[in-house]
Every structure is written in structure tokens, then in C-alpha cells.
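Nothing in this text is a laboratory measurement; each read-out follows from the coordinates by a stated rule. In this text the structure is predicted, and so the values were computed from the model without any measurement. Note: ideal-geometry Cβ built from the backbone for every residue, glycine included; neighbour counts use all protein chains shown.
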Ligand code: HEM
């Protein structure tokens with residue numbers, strides 16, 4: 001029992017776990033993740049694809065064994081940190097004792113020692129009196145470096161997993177001028193959207209107006225990639241965009257008028273028999289010398305010369321037609337006027353927990369600070385006696401030794 | 001203005017050659033001349049980067065060419081910094097060819113200056129990419145020192161030799177710096193990804209390989225605490241680790257496209 005506990009908390013076990021996580025990550029990065037089964041069959045053949053999916057390598061980072069490895073790493077880190085903590089707390093005293101007990105490493109005369117002491121004080125060492133003389137110490141906070149590093153890794157793993165496991169995102173599209181109502185009644189109105197800014201640079205920005213369910217809070221913000229809107233417990237991202245056709249329909253018989261967005265093929269009809277069948281919106285066209293049109297289907301996202309491909313259906317006869325913006329087709333008492341297309345945003349709405357995110361980002365900061373302590377705040381003690389000095393540290397402190405040698409050698413001005 | 005870029009490339013090459021001659025013939029005058037050349041190359045390189053930054057209206061680190069150029073520039077800065085501290089000739093012997101090789105890689109990338117694409121317009125851009133350049137540079141120097149260590153060992157030096165110990169130690173210190181900066185790269189990337197795409201981690205190949213590299217260096221740091229691993233084994237580890245860095249930097253863009261694939265655009 002004790003032996004297995006010792007193994008569980010050992011650095012060797014920790015390193016084995018890290019190697020396994022690393023090896024699986026390599027596999028996960030080489031095999032495309034979360035694709036359809038057919039993609040794997042096409043890429044690797046049926047037999048290998050079956051094996052691959054049986055092993056869960058199509059979603060490797062969520063397999064039970066990958067998560068179990070993470071869990072074991074957490075346990076290993078926790079045990080290792082807890083069990084080493086008392087030693088960390090007493091490490092300063094221990095180093096002082098070692099310094100006091102150490103024998104003189106570098107003999108010096110009194111002038112050299114004086115220069116050295118000045119050097120030590122000017123380099124952040126604190127003088128402490130000891131039975132054997134003076135001990136100058138520095139960076140004892142650094143003793144906590146590796147403890148805090150491991151603690152912060154645990155922290156980030158824990159809160160990072162919680163954040164990743166509780167994603168509450170929804171992807172929605174909204175037409176300019178229209179609004180979305182979220183489950184708690186929050187309303188998000190898209191006031192406008194543009195792909196390019198005034199100078200023709202790609203911008204993808206939506207102006208949103210968010211209003212809380214009780215109407216007491218509201219916020220207007222232009223969002224774009226990298227600039228989401230935070231409103232209540234939501235974060236709203238500019239995720240995608242699209243271009244939709246628009247048609248104004250006027251019914252002279254009832255003297256009514258309506259404007260519709262056309263995002264997919266549809267049949268616009270009042271009686272279900274006669275009307276306009278919208279097939280697609282094209283970004284541009286080319287017209288040859290004989291007046292024939294070739295429709296352009298580029299994917300750059302802009303619609304410089306939009307054109308609607310439609311069919312008019314009247315009395316059982318269907319005719320293919322191209323309609324250009326501001327062109328009106330009249331079918332009986334109904335006018336269909338095709339308008340300039342509208343660009344619209346695809347928004348990602350995320351439910352955020354400020355506590356979880358705050359904790360995660362705190363972990364990030366803590367780890368950076370802890371690593372700094374580990375690497376750049378190396379604890380050291382210099383025991384100075386009448387005949388010389390000695391340097392002690394749990395780590396290599398070549399720089400201090402060299403600097404002290406140089407400081408000692410310097411001629412007095 | 002690209003003349004400045006190519007001039008710096010040539011000068012870095014010349015510096016590396018003069019340095020090799022100086023070190024192998026043990027001529028201090030030659031190594032001094034190499035450092036001077038390296039400084040000239042650095043001035044030309046900096047001039048080019050500043051010009052490019054002014055023309056682009058942003059920090060020139062936005063695509064594979066600019067990043068590689070920044071990476072080479074960071075190697076020179078760290079090389080000089082480390083040399084100033086320890087006066088170890090091997091820091092320069094490692095930094096000179098490393099900066100030349102990385103800049104040569106840049107020379108094969110599309111050099112056109114383009115607008116920053118919307119996903120890159122972020123306050124995190126400079127921190128994330130700047131720390132990546134310096135982190136990779138520290139790892140490059142550490143690997144260079146590892147090569148130096150192995151070469152000196154082959155020449156019959158004993159591993160208790162003080163110069164070898166210094167190389168081993170400097171290589172370790174560079175890994176410490178690189179590791180800290182790589183942690184900054186990963187975290188700033190996570191925060192940025194959350195701002196841009198809503199998820200702080202998506203197991204995108206670039207992210208995954210940065211993590212793989214980070215774990216490898218974590219293993220390096222732990223293994224170094226074992227006395228018998230110091231020296232030769234650490235030198236080998238630093239070289240293997242740097243191969244992972246290169247794969248994260250260039251290989252992923254070429255072979256494993258993902259969210260970061262904009263980095264390959266010219
Ligand atoms: C991703 C994982 C890890 C990272 C990034 C990490 C990082 C570090 C760092 C930076 C140091 C200080 C090294 C130096 O100053 O040169 C350290 C020390 C240490 N690590 Fe880890 N570590 C990790 C995982 C582990 C695990 C799983 C164990 C298992 C028990 C472990 C055990 C230790 C021990 C015993 C020390 C020495 C502590 C001391 O000096 O007081 N580490 N670690």
C-alpha cells in the first residue's frame with residue numbers, strides 16, 4: 001500500500017503520465033478529429049477506420065483513457081505537492097542552517113569581503129546575523145516556485161476542464177433590423193452589419209442592441225472578431241456572415257406590402273399554385289456579345305453584381321428568369337421587386353460563468369508568476385566569515401558565484 | 001527595401017563563417033570580427049523590420065515570413081544578451097548560424113505586405129506572437145549550445161570540464177526562459193482564442209503541438225534535476241526538443257492545417 005502510494009506521488013510516475021499525454025496528443029493532432037465516419041474510411045480504408053473509431057481516435061481528446069490520464073496527473077501532482085509542502089515551508093530555515101554549517105569555500109581578505117558585502121546588499125541580499133558570522137540571503141520566496149507551479153497546473157487543469165465541459169453556446173443568424181430572443185428573455189437586436197469598413201478593409205462588424213428581459217438594462221455595441229459583447233451572463237461573438245436576397249411583395253388586391261429575406265430556395269405564392277420560385281442568389285454575372293448571361297459563383301463572400309435566379313410559375317407554366325436588383329416582376333395582382341441583397345451576421349451566443357473564467361485566468365497568471373519564481377528567483381545564502389565566504393543554494397547559482405568572484409577582485413577606487 | 005533583408009541574411013552568413021573559423025583556429029581577432037559583422041547584420045535586419053512595420057502600420061509578425069524574421073531577430077537579441085552576461089563564445093557560435101538558418105527559411109516565404117486579417121487584429125497579437133518569437137529563439141540557442149556541448153565532448157573534453165559545465169548550464173537557463181515564454185504564448189493564445197472564437201482551447205494542431213513542445217520541455221526540466229542526466233543527455237534532449245519547436249513553428253502549418261492556417265498566407 002505504502003509502496004504504491006509512493007509510486008503514485010513519484011516524479012517518475014508523473015513523467016510517465018506526461019509522456020503518455022504527449023504521445024496521445026501527437027496521435028490526436030495527426031488524425032483529423034470529430035469528422036464523419038466516411039472521412040476516415042476514405043482516408044484510411046474501412047478496416048483501419050473501424051479500428052481507429054473503436055479506439056476513439058476520431059475524438060481522442062475526449063476518450064475515457066485520455067481523461068483518465070489527466071485525472072491521474074492531477075492526483076499525482078496533488079500528492080506530490082501536498083507531501084512536499086512541509087519541506088517547502090522549512091526550506092528557508094534549512095538553507096540558513098546549511099549556510100551556517102558550511103565551511104569557508106573562498107578565502108578572502110577583509111577589503112575583498114567588504115566589497116563583497118556591499119555587492120550583496122546592492123544585489124538584493126538581506127543580512128541576517130548567525131552564530132558563525134553573517135549570512136546574506138536572497139529570494140527565499142523562490143522556494144515556493146515549484147510548489148506554486150504544480151498547484152497552478154492543477155488549478156488550470158481543473159478549471160480549464162470545467163470551462164470546456166460546460167460550454168453553452170448557440171449559433172444563430174439574425175437579419176439586420178431583426179432580433180433574437182434568448183431563453184431568459186434577453187433580446188438582441190441586430191441594428192446593422194457590414195463586411196467591409198468605409199475604406200474597403202474586411203471588418204465583419206455587427207451593431208447590436210441588447211435589452212435584458214425586464215428591460216432595465218441595455219447596451220449597444222459594435223461587435224467584430226476579437227471584440228465580443230458582454231451582456232449579463234452572455235457573451236455574443238461575431239462568428240460568421242452570409243448574404244441573403246431580399247424581395248418586396250406588393251399585393252394590389254389587398255393593398256398589403258411585405259419585404260422578405262431569401263436565405264434558401266423557396267416558393268413565394270399566395271394561392272400555392274402561381275408565384276415565384278426563388279432558386280439562388282448569385283454574386284455576379286458575365287454577359288457575352290450575344291447577350292447571354294453566365295452566372296458567377298465565386299466564394300470570396302462579396303456580391304458586386306448580384307443577380308437572382310428564379311422561376312415564374314403561372315397557370316402551370318414555369319419560366320426561368322434572371323432578376324436584377326430593383327427589377328419588378330408582376331404576376332397577376334402581385335408585384336415582386338427584387339432588392340439589393342442584405343449581409344447578415346451569424347452570431348455565437350455563449351453563456352459564461354464569470355467565476356469559472358475568473359478562476360481559470362487567475363490560474364494562468366499564477367503559473368506565470370510561479371515559473372518566474374522557479375527560474376528567476378533562485379534562493380541563495382552567502383555565509384560570510386572573517387576568513388572568506390561560501391555560497392549555498394538548492395540550485396545552481398553560477399551567476400552569483402561568478403559575480404562574487406568579480407566583485408571581490410575589483411580594485412578599490 | 002528588401003535589399004536590407006537580403007543584406008542582413010548575407011552578413012549573418014558571413015558572421016557565422018568567420019565565427020566558425022575563429023573558434024576552430026582559436027583566433028580571438030576573428031571571433032571579434034564575427035561579432036562586429038553580426039552586429040552589422042542585426043542593424044540591417046532591424047532597419048528592414050522597422051521599415052516593414054511602418055509600411056504595414058503594425059508590428060511585423062503577422063505571417064510565416066514576418067514571424068520567421070522576428071524569430072531570427074530574437075535569436076540575435078538573446079545571443080548578444082547571453083554573450084554579454086557570460087562571455088561564452090559558444091553563445092555566439094550557436095546564435096549566428098541559427099539566426100542565419102531561420103532567416104533563410106523566411107527568405108523562401110511570400111514577402112508581400114498584406115493587411116492584417118480581422119482574426120489577427122487584437123491586443124493579444126503582440127504578446128502572443130512576440131513571446132513565441134523569443135521563446136523559440138531561446139530554445140534555438142539552447143539547442144545550439146547542446147550541439148556545441150556534443151561537439152566539444154567528441155573533441156575529447158571531459159564532462160567535468162568547466163567550459164562544458166558552462167554550456168550545459170547556459171542551455172538550461174535558455175530552456176527556463178523559453179519555457180516561461182512558451183507558457184505565456186499558450187495562455188495568451190487561449191485568452192485570445194476565447195475572445196475571437198469563444199473557446200479557449202480547441203485542440204487545433206498548432207495548439208496541440210505547442211502543448212506537446214511544452215510538455216517535452218517540462219520533462220527536460222525534471223530530468224535535469226537528476227545529476228546523472230546533466231551534460232550529454234540534456235544536450236541531446238535540447239536538440240530533440242528543438243526539432244519539436246520547428247515542427248510546431250513550420251511543420252504544423254505545412255502538414256496539419258487548422259485554425260492557425262492563416263499563418264501560412266502570404
Ligand atoms: C506539466 C507538468 C509539469 C510542469 C510544467 C512542471 C514544472 C516544474 C518546474 C518548472 C519545476 C522547477 C524546475 C527547475 O527549477 O529547474 C518543477 C520541479 C519539480 N517537479 Fe514538476 N512540473 C510538472 C509536473 C510534475 C509532476 C507530474 C510531478 C510529479 C510528482 C512533478 C514533480 C516535481 C518535483 C518533485 C520538482 C522539484 C521540486 C523542488 O525543487 O522543490 N512535476 N516542476
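Counting only other chains, and only Cβ atoms inside 10 Å, what mean value do you get across the residues of A:21-29?
Mean shielding count: 5.
Over the Cα atoms of region B:119-246, how large are the radius of gyration and the largest Cα-Cα distance (Dmax), in Å?
Over region B:119-246's Cα set, Rg and Dmax evaluate to 16.6, 56 Å.
Once the Cα atoms of helix A:11-30 and of chain A are each reduced to a long axis, what angle between those two axes, in degrees from 0 to 90 to the nearest 10, is obtained?
It is inclined by approximately 20 degrees.
With angles folded into 0 to 90 degrees, how steeply does helix A:145-165 sit against the dominant principal axis of chain A? Use alpha carbons for both and round to 10.
Compared with the principal axis, the helix lies near 20 degrees.
Would you mind giving the mean number of other chain beta-carbons within 10 Å of the Cβ of each residue in B:199-208, as a whole number?
Mean shielding count: 5.
Does chain B come out rounded, prolate or oblate, given a ≥ b ≥ c as the square roots of the eigenvalues of its C-alpha gyration tensor, rounded meaning a/c under 1.5 and, failing that, prolate meaning a/b above b/c?
Oblate, because a/c is 1.5 or more while a/b does not exceed b/c.
At a 10 Å Cβ-Cβ cut-off, how would you order A:101, A:290, A:258, fewest neighbours first?
Fewest-to-most ranking of A:101, A:290, A:258: A:290, A:258, A:101.
Take B:115, A:203 and order them by how many other Cβ atoms sit within 10 Å, fewest up front.
B:115, A:203
Exposure proxy check: B:99, B:49, A:320 ranked by fewest other beta carbons within 10 Å?
The order, fewest Cβ neighbours first, is A:320, B:49, B:99.
Mind giving me the FRET efficiency for residue B:226 and residue A:47? R0 is 41 Å, r the Cβ-Cβ distance, nearest 0.05 is fine.
Plugging the Cβ-Cβ distance into 1/(1 + (r/R0)^6) gives 0.40.
I'd like the mean, over residues of A:361-370, of how many other protein chain beta carbons sit within 10 Å of each residue's own Cβ.
What the average comes to for A:361-370 is 3.
Would you mind telling me which residue in B:241, B:132, B:196 has the biggest mean-square fluctuation in a Gaussian network model of chain B, where springs connect alpha carbons within a distance under 10 angstrom?
B:196
Kirkwood Rh over alpha-carbon pairs of region B:14-157, then Stokes-Einstein at 25 °C and 0.890 mPa s: what D in µm² s⁻¹, rounded to an integer?
153 µm²/s
In deg cm²/dmol, rounded to 500, what helix-only [θ] at 222 nm does the protein assembly as shown give when every DSSP H run of at least 4 residues adds -39500 (n - 2.57) and the total is split over its residues?
Result for the protein assembly as shown: -18000 deg cm²/dmol, rounded to the nearest 500.
Can you give me the Kirkwood hydrodynamic radius for region A:234-309, using every pair of distinct Cα atoms, in Å to one decimal?
After inverting the pairwise mean of 1/r, the radius is 15.1 Å.
Would you mind calculating the relative contact order of chain A from Cα pairs under 8 angstrom and at least 6 residues apart, reporting the percent as a whole number?
21 percent
Running Debye on chain A with equal point scatterers at the Cα sites and no solvent, what base-10 log of I(q)/I(0) appears at q = 0.10 Å⁻¹?
Listed by q, the Debye log ratios stand at -0.95.
Could you tell me how many degrees, from 0 to 90 and to the nearest 10, lie between the Cα long axis of helix B:162-197 and the main elongation axis, the longest principal axis, of the Cα atoms of chain B?
Approximately 0 degrees, to the nearest 10.
What is the Rg over Rh value, at two decimals, for region A:1-91, using alpha-carbon atoms and the Kirkwood definition of Rh?
1.19
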